[in-house]
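Each remark here refers to the structure printed beneath this line.
The values are calculated or read from the model by the stated rules, or taken from the named source; none is laboratory data. The structure presented is a predicted model; accordingly, all values stated were derived computationally and were not measured. We place every Cβ from the backbone using ideal geometry, glycine too, and count neighbours over all the protein chains shown.
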Amino acid sequence: MNSCIKFSLTKAAAALLGFAPAAAFASGYQLSPLESYLIQAFAQEQIEGFINTGTSSLFENPKVFYLRAKPFAKFAAADAKKASDRYVGKYGIINSNVFRVVGDREKIIYTVKNPSYTITLSTSVDSDKSLLKDVFPGRRHGFYCRIDEIGDKEASFGDCIPLGQFEASKAAQVENVIHRYLKGEKITDPNMPTYAMMAYMAIVSAKLLAEDSVCRTTVIEEVSYTPADRRLCTQEVSELWQNAGLNPRFDETMDRVEDRLREDGVDVELIKQAASALD
């Protein structure tokens, strides 16, 4: 791998981080427990980052909108047609204080005072009831929804599921696609370069982390992993990549990982695409 591509990859990895053991496959690259844990941690970090800030490349294709109730209400009240053209039929995450619940939480209602605006969320039949039971007026809760209708006084969102359920579902999807990618499958997914970069980062990182690293120690000693474990690990990996130029083993390790993935039938061109997109 030439030095320009390596530099792009380290930059891409740092940008991506600014944020269950794998099944054994008959072919492709076989993930170690540490590599699987790193992939899981990267995915969770990206998803939680988007839920909290609205920023993550995982949600650009297809676009998932990050909506704040008051700015959304102000925009819709001023120009409902423009808001409809932008949002209706798409999916978004919205998080606000609950004003009212209807029935057994079939509907969750948010209100904005200035401008006076109502946002009604219809929960999906597939919503996790255990996550809905704590939804009460006066508490802040978030949902992932389809945006159905927008008027100048009210909007309706449908097929809504709690953010905790969405987060778990998205994490499982990301991990599944990455495992299939490393098996050598050809997958049609607009986020494949990002997934490929996550896999590459995990494999390179696992080979470079110190023996007493937080990530490695957690995998060896812990039965289950906490959010605090994961945050410490991703911070450690982020620092590893940010200081890549100071580690004489980094370039050689990147080359060996790329060669190994190619030998195992993995499409390494997707990794280079991710690096170019973030360069």
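Some observations on this one:
- Among the residues of the stretch 38-91, those identified as of a type in the set (Asp, Glu) and over 26 Å from GLU149 (Cα atoms) are GLU45, GLU48.
- Candidates ALA83, ALA78, ALA73: the one that is surrounded by fewer than 19 Cβ atoms within 10 Å (Cβ to Cβ), at pLDDT 95 or above and either under 25 Å from the mean Cα position of the chain (by Cα) or farther than 25 Å from MET197 by Cα (or both) is ALA78.
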